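Remarks on the structure that follows.
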């Protein structure tokens, strides 16, 4: 049988990850190497790449080379897994074919960071991250990164404290990373303030691509938000509705909030738009979400797919595309209910700045027409404090 030879060069590509400085399994000389016929049948196996001391003699034909770090388990701390697969190559009689094979990180890295408010307000805390097969618990002193094989990840943070009666209690927050990508490191920030009743998980994906931030806040309920929540321009005059409509939101909490991944919903899930870029509000800061960049001098985000009804409708900011679950709602205004002014022309509907309670913010009697002119000539205060209602 005619034979040729394969010269296999094995290397590794390691991306920079912020959460850990040394990757434990990045030793390609220890990787398992398997050669397959192009039809998928195994031809030859090397327990360690270091066992390959020279060209590999192979019959003429087409092949694929696979190498991996041979440590792919469902979940384990400090267990970065690497995998590489060549293109189909041909062995020709009497010739040596040189093939370079690069292995890259092929499982999912996760680390958990507890923010200062958690450390301050809670006596103990842990976060369990799991896939369909296994899970890892990141306790208060856990600094290692965990690694998971491919698939969605579920997150549960349990924060322990002692209540006013001296009894042990805990707060639980559930979240998920439904589209977790192999080769990515997710840095999960647990942020909670027990005195506010507000919780959040922020997940940052660090890799050599754009940073992805997802805010999961199923336990952030309207009861945790006070004061100004939303200002609505539903019938601009200086510009058409498709250009001039805007919604202004205000962060009344004591922590920064990122609206990325949250939803604007008009009506009962009639129209909705998911915010798909970072809109970060510091405590006491406004953000203007508008139908176009021309709607005001300050526009922080341009949405699509939503048109505001002049005669009144429900407008919701939610952590989910469906508002069937009440704790998905961060903010809700039904500006068609009793007491709200409808069919305004060229003026925004605003909440009186003296109102400091969410239940009061739902009352139409606490809303009024803005009298302050802004950049387009219409009346409103997009991006700044409301004027007092007269």
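Looking only at segment 352-386, residues that are at pLDDT 75 or above and outside any loop (DSSP other than H, G, I, E, B) come to 8 in all. Kindly establish whether residue 144 is at pLDDT 85 or above and either out of contact with any helix residue (DSSP H, G or I) (no Cβ under 9 Å at 6 or more places or on another chain) or in a loop (DSSP other than H, G, I, E, B) (or both). It is true that residue 144 is at pLDDT 85 or above and either out of contact with any helix residue (DSSP H, G or I) (no Cβ under 9 Å at 6 or more places or on another chain) or in a loop (DSSP other than H, G, I, E, B) (or both). Kindly establish whether residue 70 is surrounded by fewer than 16 Cβ atoms within 10 Å (Cβ to Cβ), in a loop (DSSP other than H, G, I, E, B) and touching a strand residue (DSSP E or B) at 6+ places or on another chain (Cβ under 6 Å). Spelling it out, residue 70 is indeed surrounded by fewer than 16 Cβ atoms within 10 Å (Cβ to Cβ), in a loop (DSSP other than H, G, I, E, B) and touching a strand residue (DSSP E or B) at 6+ places or on another chain (Cβ under 6 Å). Each residue in segment 147-163 was checked for being outside any loop (DSSP other than H, G, I, E, B) and within 17 Å of the chain's Cα centre (by Cα), and 5 pass. Only a single item in (1) modelled with pLDDT of 90 or more; (2) more than 16 Å from residue 189 (Cα to Cα) is not met by residue 127, and it is number (2). Check off (1) within 25 Å of residue 132 (Cβ to Cβ); (2) at pLDDT 90 or above for residue 105 and give me the number that stays unchecked. Unmet for residue 105, out of (1) within 25 Å of residue 132 (Cβ to Cβ); (2) at pLDDT 90 or above: (2). The set of residues from segment 37-67 being under 15 Å from residue 2 (Cβ atoms) and not in a strand (DSSP E or B) comprises just one member, 60.
Per the listing 98, 87, 126, 29, the residue uniquely part of a strand (DSSP E or B) and loosely packed, with under 15 Cβ neighbours inside 10 Å is 98.
The values are calculated or read from the model by the stated rules, or taken from the named source; none is laboratory data. Everything quoted here is computed from the prediction, not taken from an experiment. In this analysis, Cβ positions are derived from the backbone assuming ideal geometry, glycine residues included, and neighbour counts consider all displayed protein chains.
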